[in-house]
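Undergrad: Would you mind keeping the following structure in view while I ask a few things?
The values are calculated or read from the model by the stated rules, or taken from the named source; none is laboratory data. Since we're looking at a predicted model, the values are computed, not measured. Because the Cβ atoms are built from the backbone with ideal geometry, glycine has one as well, and the counts that use them run over all protein chains shown. In case anyone asks, the SASA skips ligands and DNA or RNA and just uses the protein heavy atoms, side chains included. Shrake-Rupley method; radii C 1.70, N 1.55, O 1.52, S 1.80 Å.
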Amino acid sequence: MLLTCLLSLLIASPLVWVLRPHQYPKAGWYLALIPTAITGWLLSQMAAISHAHPLTERYPWASELGLELAFRLDGLSLFFGLIIAGIGAGITLYTAYYLENDRRMGYFYGLLFAFMASMLGLVWADNLLTLFVFWEGTSITSYLLVGYKHESAEAQDGARRALIVTGSGGLAMLAGFILLAQAAGSYTLSDILTTPHLVDHALYPTALILILVGAFTKSAQFPFQFWLPGAMAAPTPASAYLHSATMVKAGIYLLARLHPALSHSDLWFWLLFSFGGITMLLGAISALRYYDLKRILAYATVSQLGILVLLLAFEGEIAYGAVVVGIISHALYKGPLFMIAGIVDHATGTRDIRRLADLARSMPWVAVAASIACFSMAGFPPFFGFLAKETLLETLYHHAEAHPTTMDGMMSWVAYGGAAVAGAFFVAYSLTLLIETFFRKEAPALNMAEKEHDGEPVEAAHVHHAPSFGIYFAPLLLATLGLLLPLVIGPIQELLLSPPASSIAGETLHLHLKLWHGFNFVFQTSLVVIGSGVGIYFLRAPLRRLLQLPPEWLSGVAGFNQVYNGSYALARWSTRLVQGGTLASQASVILLAAVGFVLYALFQSPLSDIIRIDITNLPRFHELSMAVLAVIAAIVTVRSESRLNAIISIGVVGVVVTLFFIYFGAPDLALTQLLIEVLTVVLLVLVFYRIPPETLPPKTPMTIRRNVLVASLVGSLGFVLVLIAGGTPHASSITDFFKLNSVPAAHGGNVVNVILVDFRGFDTLGEITVLAIAALGGYALLRASRLRAIEDLQPTEEREK
């Protein structure tokens, strides 16, 4: 059934693109049925799935190589699957109204369903290589979604940064997976999680660091956090789905999945503790700096992801419960807030909160959803965000109390204070979003510094496109779930929260979460946090000016651009250095390098052991005649002053090679060689017929000596290699193996074809892949907008000519 769910999304992806859903008013409601059905099936499995009794599906692919498509549904993967499919259903419905009348809506839906399938495959995979394939699927589809508005420079930059950062991290993660599989002796995740003493293996530190690089880049941890705000150039449905509930949680899922196997070490604790804590504070404080609704929410997402990474550094029931509560609460308030930002933009034409005011009057239901989601993000009781904040503080407090004299205990107090500061900023920017957008009476008078924004005068915004029920139904429903679930946390936690916590722990757990834990130290801290956050809200104007002080060159985007531009400058410099001469000089470098490597290999052993000539097997007259003819034709080719004579001479060389193949029993190669020679001669004649004759300057003596040296060395090397190949064999021939196995093992008759297709299958596949990529690259160059723009500038007469 897991594979069926994935196939339903993968099949729907191209179909919905072809069906052009922008033509049908109710398309969003029908398309939402696919993720809704997956959500319903997952809900039906909640009672049967547990840490001890997962659902597994395995489909053999290449049994001889041990490759299979393996899926596993346990508490953690079911939990993430519910979030992906459930919120995906809401996003699917929301998209139809957000992109109404957009002719490319089908393309967006196709990418959205492909991303949804990739994300579900990632969390259901029970094999490291399968997980990596789906991981890269999320990177590629998210790149296309972020770059949906491909004509926008901002979208191009954001998509490029996201792909390069997450793609590079994915390659590092793949290397870590390989090392981890070597240490565990298996690529199957369920086997790795039960392998004892993995942290004591010599490969553990390197594997862990490489895997963490992949997880940190995907989940926007410091110092890779800069790509996430730039990805807000994506359409709002993509931002709400990818960057709040799904893709950025892929790194969190990976850390949670590998937690039972890799977490029992100081290296794990300090890396997650340090990078998660820095990201938590950096994102929370930075969010108050901006005026764009989506950018504020993006930095808030960065901070929440840092909190989750920080929590995964710890062990214990409280920490595991805090991770699970943090994941679901964040999805249920951040997804709606992103959609609300899109509704505001859709209705007013702006996301700049300096231009927004009193939207609650014209959009009351949107204001209700925004209020619920903002109160939850601020951590006000009795919302889900309050429970997430309480469990975070409780985790840090209990760890500090349990280790009062150790370094990690003292650092837990530091993290406790940092979490309180981050929580205060959560309150501040939550109130800022809510009050400035929906409940203040009018936008304040703009000072001169704010008079110009993006080259245009900043004016108060007005609702010119009132939102319909369909566009705010999904955010209102998700926000309401975030309000109601904490009120029934007792009955639902055994089904919804304990199974994923058990998977993180590696053993069966029974959580005991509740909204009210008494008037204890943690609750008192929460009250201080809320009060401090209200104070920061009233002081937001001077704080914003203070946060504008750091220079732009200190930002991660500036650093990325420097590395990106520097790599291009290095490539241009090396290209000029290596490929700046003539074709002959470049070929000389390549040929001399080949000669050097082969000579080094030959001189490692005495030549008498390498070259074994059977003097009794001398060449016959016709063989010598063909060899002499080939040599004469080659000399004529290079010495001829006429292009036509040179082409004819080189054709003679090719025909002689064809005769060699015939005499030595290779008619298929002879036929191929003859066809190639005929086509080559014809094409050369046609090409040089069109190219006007050119008189080249005479070669310098140094160039002539170089050419003679290179030709002599390469010719001598070829002669020696022929002597080696034609002499007495150094090992038994593999001909008999191919003859015996081409029919029974490879189901073929022609030995050459069997070797190419079966025994050299991967090599042939690689060659086909290279050709396909080259063809796509050529097509992309021909279709490049710059080339079309140049063509459009040309006069009509020149284009027709």
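Undergrad: For the range 190-204, which positions are assigned to a helix (DSSP H, G or I) and either farther than 9 Å from A261 by Cβ or over 25 Å from the mean Cα position of the chain (by Cα) (or both)?
TA: Those that are assigned to a helix (DSSP H, G or I) and either farther than 9 Å from A261 by Cβ or over 25 Å from the mean Cα position of the chain (by Cα) (or both): S190, D191, L198, V199, D200, Y204.
Undergrad: Sort through F438, F469 and tell me the only one that's closer than 24 Å to A378 by Cβ and either modelled with pLDDT of 85 or more or surrounded by fewer than 17 Cβ atoms within 10 Å (Cβ to Cβ) (or both).
TA: F438 is the lone residue from the list that is closer than 24 Å to A378 by Cβ and either modelled with pLDDT of 85 or more or surrounded by fewer than 17 Cβ atoms within 10 Å (Cβ to Cβ) (or both).
Undergrad: Let me ask something else. Here is a check on your reading of the model: is G316 buried (at least 24 other Cβ atoms within 10 Å of the Cβ) and of a type outside the set (K, R)?
TA: no
Let's see how each residue does on (1) modelled with pLDDT of 75 or more; (2) outside any loop (DSSP other than H, G, I, E, B); (3) under 19 Å from S716 (Cα atoms); (4) not acidic (D, E):
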{"position": "W573", "(1), (2), (3), (4)": "yes, yes, no, yes"}
{"position": "S588", "(1), (2), (3), (4)": "yes, yes, yes, yes"}
{"position": "A594", "(1), (2), (3), (4)": "yes, yes, yes, yes"}
{"position": "S605", "(1), (2), (3), (4)": "no, no, yes, yes"}
{"position": "D609", "(1), (2), (3), (4)": "no, yes, yes, no"}
{"position": "N617", "(1), (2), (3), (4)": "no, no, no, yes"}
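Undergrad: Taking A207 as the residue in question, decide whether it is closer than 29 Å to D157 by Cβ and of a type in the set (G, A, S).
TA: no
Undergrad: Shifting gears a bit: Would you check if there is a residue in the range 533-540 being part of a helix (DSSP H, G or I), open to solvent by less than 70 Å² (accessible area, probe 1.4 Å) and of a type in the set (D, E, K, R)?
TA: yes
Undergrad: Being among the β-branched types (V, I, T), farther than 19 Å from G326 by Cα and surrounded by 24 or more Cβ atoms within 10 Å (Cβ to Cβ), is that true of even one residue in the range 408-422?
TA: Checking the range 408-422: not a single residue is among the β-branched types (V, I, T), farther than 19 Å from G326 by Cα and surrounded by 24 or more Cβ atoms within 10 Å (Cβ to Cβ).
The rows are residues; the columns are (1) in contact with a Leu (Cβ under 9 Å, 6 or more places away or on another chain); (2) within 26 Å of F177 (Cα to Cα).
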residue	(1), (2)
A52	no, yes
R58	yes, yes
L73	yes, yes
I87	yes, no
M105	yes, no
G110	yes, no
D126	yes, yes
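Rundown of residues vs (1) touching a Leu at 6+ places or on another chain (Cβ under 6 Å); (2) assigned to a helix (DSSP H, G or I); (3) open to solvent by 10 Å² or more (accessible area, probe 1.4 Å), yes/no style:
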position: Q221; (1), (2), (3): no, no, no
position: G251; (1), (2), (3): no, yes, no
position: L255; (1), (2), (3): yes, yes, no
position: L258; (1), (2), (3): no, yes, no
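Undergrad: Select, from I340, I307, the only residue that is buried (at least 24 other Cβ atoms within 10 Å of the Cβ), more than 25 Å from the chain's Cα centre (by Cα) and not in a loop (DSSP other than H, G, I, E, B).
TA: The conditions single out I340.
Undergrad: Among the residues of the range 369-407, how many are hydroxyl-bearing (S, T, Y) and surrounded by fewer than 24 Cβ atoms within 10 Å (Cβ to Cβ)?
TA: The total comes to 4.
Undergrad: In the range 353-368, which residues are open to solvent by 10 Å² or more (accessible area, probe 1.4 Å), over 12 Å from H462 (Cβ atoms) and touching a residue at least 12 places away in the same chain (Cβ under 8 Å)?
TA: R354, A360, W365, V368
Undergrad: May I pose another question? In the range 74-111, which residue that is not in a helix (DSSP H, G or I) and not basic (K, R) is farthest from H22 (Cα to Cα)?
TA: D74
Undergrad: Okay, next question. From the list V687, V682, V678, V710, pick out the single residue that is modelled with pLDDT under 85, among the β-branched types (V, I, T) and either assigned to a helix (DSSP H, G or I) or over 19 Å from V653 (Cβ atoms) (or both).
TA: Result: V687 is the single residue among V687, V682, V678, V710 that is modelled with pLDDT under 85, among the β-branched types (V, I, T) and either assigned to a helix (DSSP H, G or I) or over 19 Å from V653 (Cβ atoms) (or both).
Undergrad: Quick check on the range 142-157: of everything there that is over 16 Å from S219 (Cα atoms) and polar (S, T, N, Q), which residue is least open to solvent (accessible area, probe 1.4 Å)?
TA: Among those that are over 16 Å from S219 (Cα atoms) and polar (S, T, N, Q), it is S152.
Undergrad: OK, next. May I ask you to verify whether F113 is over 19 Å from F473 (Cα atoms) and surrounded by 24 or more Cβ atoms within 10 Å (Cβ to Cβ)?
TA: Judged against the criteria, F113 is a match.
For (1) over 18 Å from G169 (Cα atoms); (2) at pLDDT 90 or above; (3) open to solvent by less than 10 Å² (accessible area, probe 1.4 Å), each residue gets a yes or a no:
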position: Q182; (1), (2), (3): yes, yes, no
position: L189; (1), (2), (3): yes, yes, yes
position: L193; (1), (2), (3): yes, yes, no
position: P196; (1), (2), (3): yes, no, no
position: A202; (1), (2), (3): yes, yes, no
position: P205; (1), (2), (3): no, yes, no
position: L210; (1), (2), (3): no, yes, no
position: V213; (1), (2), (3): no, yes, no
position: T217; (1), (2), (3): no, yes, yes
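Undergrad: Same structure, new question: Closer than 17 Å to A89 by Cβ, open to solvent by 40 Å² or more (accessible area, probe 1.4 Å) and aliphatic (A, V, I, L, M): which single residue out of L42, L33 fits that description?
TA: L33
Undergrad: Kindly indicate the residue of the range 490-521 that is touching a His at 6+ places or on another chain (Cβ under 9 Å) and of a type in the set (V, I, T) and also surrounded by the fewest Cβ atoms within 10 Å (Cβ to Cβ) among those meeting that condition.
TA: Once the filter is applied, the top-ranked residue is T508.
Undergrad: Looking at M410 and the list (1) over 23 Å from R544 (Cα atoms); (2) in a helix (DSSP H, G or I); (3) at pLDDT 90 or above, which single condition is not satisfied?
TA: (3)
Undergrad: Ok, one more. Scan the range 371-385 and report the pairs whose first residue is under 14 Å from F425 (Cβ atoms) and whose second residue is of a type in the set (S, T, N, Q) and in a helix (DSSP H, G or I), with Cβ atoms within less than 6 Å and a gap of 6+ or a chain change.
TA: Note: pairs meeting the criteria are C374/S430; M377/S430; A378/S430; G385/S329; G385/S376.
Undergrad: Under the condition of being exposed (fewer than 13 other Cβ atoms within 10 Å of the Cβ) and in contact (Cβ under 8 Å) with a residue 12 or more places away in the chain, which residue from the range 664-701 is nearest to the chain's Cα centre (by Cα)?
TA: That would be D668.
Undergrad: Against the condition free of Cβ contacts under 8 Å to residues at least 60 places away in the same chain, surrounded by fewer than 21 Cβ atoms within 10 Å (Cβ to Cβ) and in a helix (DSSP H, G or I), how does I285 come out, does it pass?
TA: Taking the combined requirement at face value, the residue does not satisfy it.
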